[in-house]
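Each remark here refers to the structure printed beneath this line.
The values are calculated or read from the model by the stated rules, or taken from the named source; none is laboratory data. Just so we're clear, the structure is a prediction, and the values are computed from it rather than from any experiment. Glycine also receives a Cβ, built like all others from the backbone with ideal geometry; neighbour counts cover every protein chain displayed. Ligands, DNA and RNA are excluded from the accessible area calculation, which covers all protein heavy atoms including side chains. Shrake-Rupley method; radii C 1.70, N 1.55, O 1.52, S 1.80 Å.
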Amino acid sequence: MDSTRKTALVVGVLFILTFITSIAGALAYGPVLSDPNYITGAGADTRVFLGAFFELFLIITNIGCAVVLFPLLKRQNETLALGYVTARLVECTFILVGILSVLAVVTLRQHAGSADAGSLITVGKSLIAIKNWTSLLGPGFVDGIGTGLILGWLMYRSGLVSRRLALFGVVGGPLLAASGIAVLLGVIPQQSTWQGIATVPEIIWEAFLGLWLTFKGFSPSPITAGDSRPVGTSPAAATAAPG
């Protein structure tokens, strides 16, 4: 396995893990996000902690995708490559704030004691509202700009993956970001059908990118020329004449 194929495999697996951890986290959070009276009820705190764990792992995989890809993408355009890394960091910051808001609900539920139930419910709803906004602005808006538009354009220009596939990012990213803006401005409600439709191209882009890189690797590209040496082999050794 040469160094370029290893990079593709690592990034592909990381992208697949972002899907697994984000879906698992959302499912685990279920009760705290859907029950407005969670903070005064019996609770399902273990599930919430599990969801927080999955989202922490999501942060690691998100940043991992950007860090591993950066040395390769900067050969195409270093400014955009750095922009992609920055977008991933900003997205993960939003995710982290969302994790903290959900964990705060659990802490209040466990230690509120004899506090007024109405006040607790109001605080709980406020914290979940923060969680929902972080999901919209992080994995929604910022992800559309970073992983969608920027990474899609870099992949399209470099030819590292099928250009038809990369177009899903170039088109889907701005659609996802636009849907986030539409929700922010009150044009459409959050989690509406229109927002779901606008998310589909980005989902296709990220899902197929992970599968493509895992099982196929990078397509031949000028920016990977000279990277065909085996992992752990120095450039000098790779180019030395046999014998």
Query raised in the report: Averaged per residue, what accessible surface does region 47-131 expose to a 1.4 Å probe, in Å²?
Result: 49
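All other residues with a Cβ under 10 Å from the Cβ of PRO31 taken together, and with Lys, Arg as +1 and Asp, Glu as -1, what is their net charge? Walk me through the intermediate numbers first.
Numbers: positive: ARG47; negative: ASP35, ASP45.
With Lys, Arg at +1 and Asp, Glu at -1, the neighbours total -1.
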Query raised in the report: Which lysines, on any chain, are close to LYS74 with Cα under 26 Å apart, when same-chain ones fewer than 8 places away are left out?
Result: LYS6, LYS216
Query - Kirkwood Rh in Å, taken over region 168-217 so that all alpha-carbon pairs contribute - result: 11.5
Query raised in the report: Considering only DSSP states other than H, G, I, E and B, which trypsin sites (Lys or Arg not before Pro) in region 1-84 qualify as loop sites with at most 11 other Cβ atoms within 10 Å?
Result: none
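Under a point-charge model restricted to the Cβ atoms of Lys and Arg (+1) and Asp and Glu (-1), what is the dipole moment magnitude of region 1-95 relative to its Cα centre, in debye to the nearest 20?
Values: 6 positive and 6 negative charges, 80 e Å.
Roughly 380 debye, rounded to the nearest 20.
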Query raised in the report: Dipole of the chain (Lys/Arg Cβ +1, Asp/Glu Cβ -1, origin at the Cα centre): which of PHE54, ALA207, THR134 lies farthest to the positive side?
Result: ALA207
